[in-house]
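K.L.:
Quick one: this structure, given as structure tokens, is what I'll be asking you about.
Every number here is computed from the coordinates shown, using simple stated rules; none is lab data. If you're wondering where the values come from, they're calculated on a predicted model, not measured in any experiment. As a convention, Cβ positions derive from the backbone with ideal geometry for all residues, glycine included, and neighbour counts pool all protein chains shown.
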Amino acid sequence: MIQKFEYNFKQLQFNLTGNDLILSHGFSKEQDGFKLCYFQAPSSCCGDIPTEPCLFRLNQRIYCTIQFFCHQKILHSGSPLKLYFSGICGTATASLAILMKNRGHQVRGSDENIYPPMSLLLMENQIDVAAGFHQSNLHPRPDLVIIGNALSRGNPEVEAVLSKKIPYISVSELLKQHFIKDRRSLVVSGTHGKTTTTSLLAWVFECAGLQPGFMIGGVAENFGSGCRDEEGEFFITEGDEYDTAFFDKRSKFLHYLPEQLILNNLEFDHADIFDTLEDIEYSFRMLLRLVPEDGRIVANGDDPAVMRVLEHSFSPITLFGKSNHCDLCLSDHRLEKGGTYFTAIQKDHPEKSFFLALHGEHNVFNALGVLALARHNGIEDEITSNAFASFRSVKRRMELRGQSSDILVYDDFAHHPTAVAETLKTAKGLFPEQRLIAVFEPRSNTSVQNLMQSMLEEALSLADRVLMAKPHRGESIPVKKRLDEGTLTNNLKRHGVTTTIHQNSDGILQTLVEECKPGDVVVIMSNGSFGNLHQRLLQALELLKK
């Protein structure tokens with residue numbers, strides 16, 4: 001099996017175990033600027049491995065192509081496999097591990113950051129998780145290692161896999177080969193709202209009796225998990241633009257064979273792998289080119305970046321938004337305690353009002369994309385309406401974690417300034433007369449840098465009080481690029497917002513316990529565990545009552 005593929009346009013180098021691979025020496029020709037080569041596998045190979053010479057373009061994708069052929073023998077051998085997931089507590093990785101176990105395979109894994117909700121789901125499914133990355137974790141030797149995208153060269157388990165020539169694959173490629181390739185693939189993409197939109201789309205299709213399979217980057221409350229493998233013809237996937245793995249730097253969503261696509265919005269993010277918004281737009285243009293001409297793209301017509309990338313589409317498009325050029329238009333909406341009422345207008349459809357059991361205009365836009373795709377697939381509005389009203393959101397999306405002494409504690413995954421602003425706008429709309437305390441951990445590669453500092457300051461100014469942790473791994477970021485804590489504090493002070501920056505969650509907890517009073521609303525925002533601050537705060541508030 002192929003463990004490593006290198007080329008320098010003069011020679012090909014393969015490290016092999018088991019079956020040998022026959023390669024031609026030299027290249028036959030060039031085509032479209034790419035070198036071409038032949039390879040041939042021995043006749044003893046099974047699955048889809050070609051035993052006749054096959055022509056491949058030698059570009060950045062050839063490794064993944066050949067790796068797929070050589071892993072067919074493992075993945076489709078018909079026997080239960082011993083699978084090992086490195087970085088198993090990632091949302092997609094944990095969900096895929098559960099799906100593979102449900103198919104009868106032996107599954108275990110490891111991670112450094114083991115925290116709810118994914119840790120609890122793995123425990124409920126009796127999947128063993130080792131704490132930390134160690135070469136010894138790979139004993140006994142697995143049949144295949146699935147490597148999460150957070151792992152890189154230098155990781156002890158990655159180095160062990162390479163040196164011991166253990167077959168490996170990315171999460172995205174395994175998902176495609178096992179769950180997507182023989183189904184009708186619906187993909188939800190965009191900078192913000194992917195998890196909520198994917199969950200809502202899956203719930204609408206479920207209410208329509210279509211029994212979709214799905215993979216969601218979170219825990220969908222209506223299903224109690226972030227994944228499911230059903231017999232229906234559709235598979236719904238949250239399509240992330242982040243890179244796939246250390247050995248495959250393409251965006252994850254390029255693996256998912258989209259027949260139909262929702263594109264919610266486009267904004268700069270992932271500063272560790274993208275330098276500019278144009279770089280991100282390029283990945284989305286590549287995604288659009290994968291949608292067939294008889295497929296469907298549903299996109300936010302109010303987003304300038306989305307409209308730019310749509311110029312490269314070859315597929316029918318349905319636009320949603322407020323603008324007159326949109327096919328599906330939002331005419332009005334209003335916030336209520338239990339959710340949001342909105343009215344949608346679309347040509348050839350009667351004007352229709354819906355109640356969505358989520359708060360905020362950003363979630364109404366998520367629902368518009370789902371409504372458009374539901375209509376495209378023949379789902380009646382009454383079914384969609386009932387699904388919207390019965391939707392129970394996703395864990396860590398403006399999730400009420402508890403209440404103590406009339407103090408409400410919410411948890412939200414927001415880490416991008418735009419998401420922080422939408423979360424705080426929603427909280428302000430729900431509790432206009434109450435003090436709003438925003439607690440924020442700059443943890444993502446975008447939020448720890450100063451690229452969007454002014455946007456973050458504007459977002460946090462919506463709160464009445466701000467408590468913030470120091471940037472995660474801030475010492476690894478050059479000072480000129482790092483989030484400027486002093487400037488942020490001073491600028492928020494000009495908005496009348498007192499801001500305190502703490503070394504860690506312990507200091508934040510102490511300040512919250514000292515300052516919180518009845519009627520306060522605390523919104524804790526992080527894309528990590530944040531030291532389980534939500535639960536610790538609720539426990540501390542309960543102790544004060546005794």
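K.L.:
Around residue 465, which amide H atoms from residues at least 5 apart in sequence, or from another chain, sit under 5 Å from its own amide H, with H modelled in the peptide plane?
P.N.:
Those lying under 5 Å, H to H, from residue 465 are 436, 438.
K.L.:
Convert each backbone phi in the range 330-338 into a coupling constant with the Karplus relation 6.51 cos²θ - 1.76 cosθ + 1.60 (shift: θ = phi - 60°), then list the ³J(HN,Hα) values in order as whole Hz, x for Gly and Pro.
P.N.:
7, 8, 6, 7, 8, 8, 10, 4, x
K.L.:
Also, I was wondering about something else. Using the Kirkwood formula on the Cα atoms of the range 109-213, what hydrodynamic radius do you get, in angstrom to one decimal?
P.N.:
Numbers: mean 1/r = 0.0608 Å⁻¹.
Kirkwood radius, the range 109-213: 16.5 Å.
K.L.:
With Kirkwood's inverse mean 1/r over C-alpha pairs for Rh, give me the Rg to Rh ratio of the range 82-166, two decimals please.
P.N.:
Numbers: Rg = 11.7 Å, Rh = 12.6 Å.
Using Cα coordinates only, the ratio equals 0.93.
K.L.:
Could you pull out every residue, at least 5 positions away or on a different chain, whose amide H is within less than 5 Å of the one on residue 318? Hs are placed 1.01 Å off N in the peptide plane, and Pro or chain starts have none.
P.N.:
Amide H neighbours of residue 318, under 5 Å, 5+ apart: 297, 298, 299.
K.L.:
Using the number of other C-beta atoms within 10 angstrom as an exposure proxy, rank 296, 435 with the fewest first.
P.N.:
Arranged by neighbour count, lowest to highest, 296, 435 become 435, 296.
K.L.:
Relative contact order of the range 173-390, please, whole-number percent, based on alpha carbon pairs below 8 angstrom and at least 6 residues apart. Present the calculation step by step, with values, prior to reporting the outcome.
P.N.:
Details: 452 pairs, mean separation 40.4, N = 218.
19 percent.
K.L.:
How large is ³J(HN,Hα) for each residue in the range 423-437, as worked out from phi by the Karplus curve 6.51 cos²θ - 1.76 cosθ + 1.60 (θ = phi - 60°), to whole Hz, x for Gly and Pro?
P.N.:
The phi angles translate into 5, 6, 4, 4, 4, 5, x, 6, 10, x, 9, 10, 6, 9, 9 Hz.
K.L.:
With the cut-off at 32 Å, tell me which of the pairs 101/395; 337/545; 252/347 have Cα atoms farther apart than that. Walk me through the intermediate numbers first.
P.N.:
Numbers: 101/395 23 Å; 337/545 28 Å; 252/347 34 Å.
Result: 252/347 exceed 32 Å.
K.L.:
Note down the Stokes-Einstein diffusion coefficient of the range 399-544 in µm²/s, whole number, using a Kirkwood radius over alpha carbon pairs, 20 °C, and 1.002 mPa s. Spell out each step's value before the answer.
P.N.:
Numbers: Rh = 15.1 Å.
D, rounded to a whole number, is 142 µm²/s.
K.L.:
Can you tell me the relative contact order of the range 400-546? Whole percent, Cα pairs under 8 Å, sequence separation 6 or more.
P.N.:
Relative contact order here is 37 percent.
K.L.:
Over all directions, how big on average is the projection of the convex hull of the alpha-carbon atoms in the range 173-390, in square nanometres?
P.N.:
11.6
K.L.:
In whole Hz and in residue order, list the ³J(HN,Hα) couplings for the range 223-236 that follow from phi through the Karplus curve 6.51 cos²θ - 1.76 cosθ + 1.60, θ = phi - 60°; x for Gly and Pro.
P.N.:
9, x, 7, x, 8, 6, 10, 10, 8, x, 6, 9, 10, 10
K.L.:
Ok, one more. Rounded to two decimals, what is the ratio between the C-alpha radius of gyration of the range 260-317 and 2.2 N^0.38 Å?
P.N.:
Values: Rg = 11.3 Å, N = 58, 2.2 N^0.38 = 10.3 Å.
Ratio of Rg to 2.2 N^0.38 Å for the range 260-317: 1.10.
K.L.:
Take the Cα atoms of the range 259-356, find their three principal axes, and give me the spread along each one in whole Å, biggest first.
P.N.:
40, 33, 22
K.L.:
In whole Å, how far is the Cα centre of the range 390-456 from that of the range 238-317?
P.N.:
Comparing the Cα centres of the range 390-456 and the range 238-317, I get a distance of 26 Å.
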